[in-house]
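Read the structure below first, then the notes.
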Amino acid sequence: MIDKPRIEAAVREILAAIGEDVDREGLQETPSRVARMYEEIFSGLHDDARRHVKIFTDTNHDEMVLVRDIPLYSVCEHHLLPFVGKAHIAYIPREGRVLGLSKLARIVDCYARRPQLQERLTASVADFIMKELKPWGVAVVIEAEHLCMTMRGARAAGSKTQTSALRGGMRTDARTRAEAMALLTR
């Protein structure tokens, strides 16, 4: 699990290394706060997304299921700065297997709560849904603003990165892929 005392020591060292007085009033509790925050925002490292799966099989639904605007908060593994955005997921059930709608948000959250690359996050969510639900196809689109790009470096405030992952029929059937992408990216 998370080693909070070790994080606290590291935060104190970082503060001292940038020239701060780690004993001044405003910083005295910062190492502890940061350790608790890391425990929360990286909780996906110790979470199994399968615990969030609830599949219903009592339906004959075989048309596209789409959930848009699932909020996500993650941390770029290259700079340890947040990226914030939305995930959009579409899948076509097979054999009446549908996923509880709120479970899609929980799956996204589970994978987002890890040091992450947006590209990997997008692929991980798509691969997980494909493996666990076994749909005809799945499409995941994530759009996010990366603070590592907006508050430092290029300082391209407001810029968004969009990634997609297409699996099964969503990748191989051009007409279905076009329909899904039109709905996911509008």
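The values are calculated or read from the model by the stated rules, or taken from the named source; none is laboratory data. Note that the structure is a prediction, hence the values are computed from the model and not measured. Cβ: placed from backbone, ideal geometry, glycine included. Neighbour counts: every protein chain shown. These accessible areas exclude ligands, DNA and RNA; they are computed on the full protein's heavy atoms, side chains included. Shrake-Rupley method; radii C 1.70, N 1.55, O 1.52, S 1.80 Å.
Assorted remarks:
- Qualifying residue in segment 56-66 (condition: in contact with a Pro (Cβ under 6 Å, 6 or more places away or on another chain), open to solvent by less than 90 Å² (accessible area, probe 1.4 Å) and within 30 Å of residue 164 (Cβ to Cβ)): yes
- Residues within segment 157-186 that are open to solvent by 30 Å² or more (accessible area, probe 1.4 Å) and either closer than 17 Å to residue 84 by Cβ or outside any strand (DSSP E or B) (or both), tallied: 19
- Of all residues assigned to segment 11-18, none qualifies as being touching a residue at least 40 places away in the same chain (Cβ under 8 Å), open to solvent by 80 Å² or more (accessible area, probe 1.4 Å) and either assigned to a loop (DSSP other than H, G, I, E, B) or in contact with a Gly (Cβ under 8 Å, 6 or more places away or on another chain) (or both).
- Any hit, segment 96-104, residues being within 10 Å of the chain's Cα centre (by Cα) and within 22 Å of residue 48 (Cβ to Cβ): no
- Across segment 22-45, the number of residues qualifying as open to solvent by less than 80 Å² (accessible area, probe 1.4 Å) and either assigned to a loop (DSSP other than H, G, I, E, B) or among the aromatic types (Phe, Trp, Tyr) (or both) comes to 3.
- Of all residues in segment 124-156, those that are assigned to a loop (DSSP other than H, G, I, E, B) and surrounded by fewer than 17 Cβ atoms within 10 Å (Cβ to Cβ) total 7.
- Among (1) out of contact with any Gly (no Cβ under 7 Å at 6 or more places or on another chain); (2) under 23 Å from residue 57 (Cβ atoms); (3) of a type in the set (Phe, Trp, Tyr), the one test that residue 136 misses: (1)
- Residues in segment 76-97 that are in a loop (DSSP other than H, G, I, E, B), in contact with an Asp or Glu (Cβ under 8 Å, 6 or more places away or on another chain) and on the phi < 0 side of the Ramachandran plot: 93, 94.
- Test: residue 177 is basic (Lys, Arg) and under 28 Å from residue 78 (Cα atoms): no
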